[in-house]
């Protein structure tokens with residue numbers, strides 16, 4: 001028997017916000033729904049949102065769920081979490097937030113919380129008119145053909161939840177739970193994520209090292225460090241990055257940190273050139289066509305590059 | 001007080017069975033293999049138990065080997081059958097067997113054996129023409145259930161056995177769910193090997209038996225000591241063996257009353273179908289065990305139903321994906337080709353001689369409300385839902 005938390009059972013036996021929302025036909029208010037899963041998968045969620053246009057916020061949320069105890073509780077929890085939030089705030093909600101709200105879920109049931117997050121995203125994208133095909137599971141390379149789980153979805157689950165084993169991936173997104181022929185493929189994606197994580201960390205360490213070099217050494221190191229410091233080799237200021245090093249690092253950060261997020265939204269970015277500290281990038285696809293998002297995006301990319309490569313970098317979209 | 005309707009999972013140990021085994025958990029702790037009368041006296045009760053089990057099956061005592069459980073019985077039977085005819089490399093079984101058969105077969109496929117998994121129709125029944133077509137002179141073993149654990153559907157083992165024999169194959173049956181619920185007589189049967197398990201017939205867990213027809217070239221699975229005439233090593237589980245003997249004796253006397261279980265089962269079935277729309281009996285068209293019903297409640301999910309039932313103190317089980325810990329729904333119901341609308345919402349109620357009319361009435365009282373509540377939560381309510389159709393097509397391609 002599953003070891004469900006009190007909160008899961010409470011929201012299962014007495015679910016809040018169940019049902020659909022009728023369109024009130026009022027000005028400034030619209031009703032939209034997003035759906036994930038199917039009866040074939042054994043769980044499905046249709047999430048209904050009542051959105052206030054002027055504030056871009058969620059006035060009401062209801063759910064209809066076909067699924068087990070934790071699927072129903074996760075859906076109910078989701079509606080409680082998002083009510084009153086703006087759509088941008090809601091998009092930042094992860095499956096963790098849902099699981100946390102429930103006081104945790106059994107590992108094998110984490111996919112119920114993932115389903116909630118996906119339905120939310122589906123509803124908001126639908127409202128915003130972002131083509132849903134780009135977010136459909138069936139889009140892109142399928143890794144797990146039994147459950148129709150794409151590489152993108154698995155990569156995202158690994159990254160967002162720091163998954164390190166194939167079993168965890170199965171628990172979160174079901175992939176690999178069927179015939180098992182894709183287990184090696186999932187393993188590869190995990191290794192991939194770990195390696196790219198290491199690359200990012202290496203880049204970050206480099207950036208930190210550069211930063212430290214520009215700061216004066218602490219004059220009074222704390223006594224507890226003395227012994228350790230004695231045994232450490234003295235640190236010399238590292239030479240400034242060469243252009244090639246800069247380009248390599250920028251490219252790595254774009255590839256590992258920035259592009260996966262953009263690709264998920266149907267956009268992309270490529271490094272065009274580097275002139276001193278000016279990073280010239282080309283924005284493409286869904287992001288490039290939207291002038292307001294270009295500015296936001298430019299700053300977002302710049303922040304990442306400043307953070308991980310060099311604080312003096314400036315991004316310019318061409 | 002629980003309403004226990006999960007007797008195909010396990011049964012309550014009969015108080016008489018418990019009383020019979022208790023002395024062997026306390027003062028009569030001797031080892032029957034010992035060379036002193038304190039241990040030796042225990043040997044006699046083992047032989048008595050062997051006789052009791054043999055009587056239930058219409059077998060001879062020497063044809064009974066005590067072991068630990070149904071899974072051991074099934075593993076041993078397959079091993080023995082393949083060892084008896086080592087030159088033959090083909091096995092015939094069915095798609096709806098217990099994992100203790102299917103997992104062994106999958107393993108043997110990796111070792112170079114060929115396995116045919118016979119299909120079942122929507123009622124859960126086999127096609128004997130398909131069986132005959134699968135048989136070859138190289139078929140070492142035909143292994144099937146007597147009755148299915150999930151649906152209770154009974155296979156025609158006499159006919160299956162006749163076909164197996166015609167091709168010179170060993171015939172094993174997994175009778176774990178059938179023993180004690182339907183009469184079996186192995187005196188003149190084509191069955192070479194039969195698996196049974198104690199805890200399904202009111203003995204405790206951890207005791208089982210394998211019937212091996214006299215004259216069958218048996219090779220042991222578990223090797224070591226000379227227990228069970230060298231056919232199953234390991235110190236005798238004396239209390240378990242005594243319990244299984246007593247349970248077999250009691251099962252024989254209760255077999256005549258099994259009609260009452262069937263009546264209660266039918267009352268449950270008719271009652272649920274009459275009060276709850278979009279409800280079907282899985283395997284309802286086939287001959288079935290008297291104690292089992294498997295009911296599909298469309299558009300809702302089995303684990304959720306079980307948790308609702310659990311709150312009412314009712315124990316049942318489900319083949320839904322979410323209950324198993326695996327992600328796939330029941331392989332039995334899937335093999336029957338049931339639509340997903342039914343597959344995920346199927347609940348098994350399994351009765352025993354302890355089941356009362358009050359138990360059944362309690363389920364009939366709470367179930368309509370449970371189904372209604374869950375259906376009110378569900379986005380699905382009819383098979384024509386566009387969303388459903390679309391996704392089914394997408395998955396089929």
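Brief remarks follow.
- Taking 0.36 nm per residue of separation and subtracting the current Cα-Cα distance, fully stretching the chain between residue B:214 and residue B:127 would add 28.3 nm.
- Gain on full extension, evaluated as 0.36 nm per residue between residue A:26 and residue A:314 minus their Cα-Cα distance, stands at 99.1 nm.
- Most mobile listed residue (B:209, B:95, B:19) in chain B, GNM with C-alpha springs under 10 Å: B:19
- Computed over region B:1-89: relative contact order in percent, which uses C-alpha pairs under 8 Å that are six or more apart: 10 percent
- Spacing of the modelled spin labels on residue A:245 and residue A:202, each 7 Å from Cα toward Cβ, amounts to 1.3 nm.
- Choice from B:64, B:276, B:342 showing the highest fluctuation, given a GNM over chain B with Cα pairs closer than 10 Å: B:276
- A Gaussian network model of chain B, with springs between Cα atoms under 10 Å, assigns the largest mean-square fluctuation among B:330, B:34, B:119 to B:34.
- Calculated FRET efficiency for the pair residue A:86/residue A:181, C-beta based, R₀ 41 Å, to 0.05: 0.45
- Here the gap between residue A:263 and residue A:280, fully extended at 0.36 nm per residue and compared with their Cα-Cα distance, gives a gain of 4.2 nm.
- Relative to the dominant Cα principal axis of chain B, helix B:99-110 is inclined by about 80°.
- Taking every residue in B:341-351 and counting other chain Cβ atoms within 10 Å of its Cβ, the average works out to 2.
- Prolate is the label for region B:163-308, because the ratio a/c of its alpha-carbon gyration tensor axes (a ≥ b ≥ c) is 1.5 or higher and a/b is greater than b/c.
- Partner chain coverage, peptide A:8-21 - average Cβ within 10 angstrom: 2
- Ranked by the mean number of other Cβ atoms within 10 Å of their residues, highest first, the peptides A:103-113, A:3-13 come out as A:103-113, A:3-13.
- For residue B:253 and residue B:19, the FRET efficiency from 1/(1 + (r/R0)^6), where r spans their Cβ atoms and R0 equals 22 Å, is about 0.90.
- C-alpha long axis of helix B:37-57 to longest principal axis of chain B, angle in °: 50 degrees
- Shielding value for B:304-310 is 5, the average number of Cβ atoms from other chains within 10 Å of each residue's Cβ.
- Here the simple spin-label model places points 7 Å from the Cα toward Cβ, and for residue B:110 and residue B:266 these points are separated by 4.8 nm.
- Sites residue A:130 and residue A:6 - FRET efficiency at Förster radius 45 Å, r taken between beta-carbons, to 0.05: 0.75
Here, each number is a calculation from the coordinates, and none is a lab measurement. Keep in mind that this is a model prediction, so the values were computed, not measured. Don't worry about glycine lacking a Cβ; one is built from the backbone with ideal geometry, like all the others, and counts go over all protein chains shown.
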